[in-house]
Amino acid sequence: MFGLIILLFSCKRDNITRESPGAGNGMIEGFITDLNNSPVVQAIVKCGAVTTTTDASGKFTLTKVQFNSDSTVVKVTKDGFFEGLKTFVSNNHIVNNASIRLIPKTVSGSFSATSGGNITIQGGVQLVSSGDLSMHLTVTHIREMFLRILFI
């Protein structure tokens, strides 16, 4: 039986460069939070070959970070959140007070593709299925939103 799950999140994307390979002499420390500025505990923070996890206050410290010229990319993962990527630039290869906000994965609604249904999401998005495996998506207003439709 087919099912449908819709995920909606707000997204503002930075320019992304490739992750830095290997280890080096740089250092990045900062905090990982959610959209409410609450700490994200036990998030995995990675920069090239260097990995750590956040503490109870969302704080992390990465040492021996490799910078490509004067920049490096930090990748953050945590179950229940979309992956976070952010490029940091520093001519002395030290970044203090780095901040990355993770966007939670939110299921806005679901229905069986064979029985159909209707899901309306804030921002004027409506997904309608009559149950014959066809769908109609209506978008009236979206600003900095991303819609992901998963078929399961």
Pair list, Cβ under 7 Å, 6 or more apart: segment 55-82 residue touching a residue at least 60 places away in the same chain (Cβ under 8 Å), other residue surrounded by 14 or more Cβ atoms within 10 Å (Cβ to Cβ): F82/F9; F82/L102; F82/I103; F82/K105
Taking the criterion of being more than 17 Å from the chain's Cα centre (by Cα), at positive phi, at pLDDT below 75 and not hydrophobic (A, V, I, L, M, F, W, C), would at least one residue in segment 129-143 satisfy it? yes
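Confirm whether T114 is in contact (Cβ under 8 Å) with a residue 60 or more places away in the chain and outside the structural domain of G30 (by TED's automatic domain parsing).
Judged against the criteria, T114 is a match.
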Could you go through segment 97-106 and let me know if any residue there is of a type in the set (K, R) and assigned to a strand (DSSP E or B). yes
State the number of residues belonging to segment 90-122 that are modelled with pLDDT of 85 or more, closer than 24 Å to N36 by Cβ and of a type in the set (G, A, S). 2
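The values are calculated or read from the model by the stated rules, or taken from the named source; none is laboratory data. Predicted model only: the values in this text are computed from it and were never measured. Cβ: placed from backbone, ideal geometry, glycine included. Neighbour counts: every protein chain shown.
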